[in-house]
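The values are calculated or read from the model by the stated rules, or taken from the named source; none is laboratory data. Since the model is a prediction, treat every value here as computed from it, not as a measurement. Counting neighbours? That spans all protein chains shown, and the Cβs are built from the backbone with ideal geometry, glycine included.
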Amino acid sequence: MAIYHLSMQIISRSKGQSAVAAAAYRSGEKLHDERTDEQKFYSRHVQPETMILTPKNAPEWMKDRNRLWNEIEQVEKRKDSQLARELNIALPIELNHDQQKELIQSFAQNEFVQKGMIADIAIHRDDTNNPHAHIMLTMRDLDQNGFGKKNRDWNADFANAKENNRGYVKNSEGCLSIREQWANYANQALEQAQSKERITHLSHENRGLEVLPTIHLGHVAHDMEKKGKQSERGQINRERQKYNQAVIDLQAYRRQKEAHVKKMKEKEKQFSFSTDIEKTYIQKAASLLNQKVISLDDILKRQEELRKMSDRHVPIERHFHVQQQQFLNVSNYYDRVRDLNREIKQNEEKVEELKGSLNPFKL
């Protein structure tokens, strides 16, 4: 099924990062870092599919990955300079390779490149179940000399980033967040591919779901799990999946209880003594039981009267028999609701027990 994942980060020297090294790792290409005079290369089993998208006013050399990021390193003078912005995005597995490429190109071109940024895209397909794209974005305007000043206005597009917000503005009036925009692009592509799957940028909490979301494994944890080794991030997901299953069972019991309560109320309406004739018969039966002294003659006389009444009121007896059966049915519903309440209580206790065992720092 299609999953939603979009994370953002700033590639910065303050974190010991290099734009050239980052581009080499994501593209799978061998690049030379002129600032440190080091060769950057990270071997991959499956070569990423890469492309560089540039604005119309960009010189041709900016499509050269090695020169592009070395120019960025050269223009940034501070030891804590922010070098690039990066997006890590999960691609829908319901789309084929060409459709995935067209989707990520369209998203990057319309949302970033048309505004003046350069987008260096690398699609990773090392794991067929986890295709994803890295988009490295430049942070400076272009001028006749190459790169000009930092464009702070672009920060507004990334104001609602899920992760590290350093360097982003707090909000942007009338601007859809990048997270929401990606969901719109992906869902449109899924619809065009005639897939019924859809994704959403909303959190479980905002969607009213009680379950906990699993976390993105990342390549290190994913490789460990693939080799049969348990990773810390994988363990977090296993714990959350166990908790979620208990919550799902609890929700199922609640739905069953609601259905039984609804049926029970319908049954109650069916056998309520609301007609005048029913009330009259009940009053007559009560008066027969309230006599203080009863003789044998009274009993024989009453027996004959009841025999004659029974001949006239057989349909009424049938009616009371049906009412009795309905009483029994509703009683069974009450018993079922009591059982469901007991099961719900047991599952709630189980959920609380699991919640208490989850590491709050992992949550």
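Brief remarks follow.
One line per residue, one yes/no per condition, for (1) free of Cβ contacts under 8 Å to residues at least 60 places away in the same chain; (2) part of a helix (DSSP H, G or I); (3) crowded, with 17+ Cβ neighbours inside 10 Å:
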| residue | (1), (2), (3) |
| --- | --- |
| Tyr4 | no, no, yes |
| Ile10 | no, no, yes |
| Ser14 | no, yes, no |
| Ala23 | no, yes, yes |
| Arg26 | no, yes, yes |
| His32 | yes, no, no |
| Thr36 | yes, no, no |
| Gln39 | yes, no, no |
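- When Asn164 is tested against (1) part of a loop (DSSP other than H, G, I, E, B); (2) modelled with pLDDT of 90 or more, only condition (2) is not met.
- Residues in the stretch 106-129 that are touching a Leu at 6+ places or on another chain (Cβ under 8 Å) and touching a residue at least 60 places away in the same chain (Cβ under 8 Å): Val113, Gly116, Met117, Ile118, Ala119, Asp120, Ile121, Ile123.
- Among residues of the stretch 41-66, those that are surrounded by 14 or more Cβ atoms within 10 Å (Cβ to Cβ) and closer than 25 Å to Lys149 by Cα, counted: 10
- Identity of the residue in the stretch 76-100, farther than 24 Å from Ile178 by Cα and loosely packed, with under 14 Cβ neighbours inside 10 Å, that ends up farthest from the chain's Cα centre (by Cα): Lys77
- Remark: pairs (first residue in the stretch 78-96, assigned to a strand (DSSP E or B); second residue among the hydroxyl-bearing types (Ser, Thr, Tyr); Cβ separation under 8 Å; 6+ apart in sequence or on different chains) = Gln82/Ser12; Leu83/Ser12; Leu83/Ser18; Ala84/Thr138; Leu87/Ser7; Asn88/Ser7; Ala90/Tyr4.
Results for (1) at pLDDT below 95; (2) among the acidic types (Asp, Glu); (3) under 30 Å from Asp223 (Cβ atoms), shown as yes or no for each residue.
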{"position": "Ile52", "(1), (2), (3)": "no, no, yes"}
{"position": "Val75", "(1), (2), (3)": "yes, no, no"}
{"position": "Arg78", "(1), (2), (3)": "yes, no, no"}
{"position": "Val113", "(1), (2), (3)": "no, no, no"}
{"position": "Ile123", "(1), (2), (3)": "no, no, yes"}
{"position": "Thr128", "(1), (2), (3)": "yes, no, yes"}
{"position": "Pro131", "(1), (2), (3)": "yes, no, yes"}
{"position": "Arg152", "(1), (2), (3)": "yes, no, no"}
{"position": "Ala159", "(1), (2), (3)": "yes, no, no"}
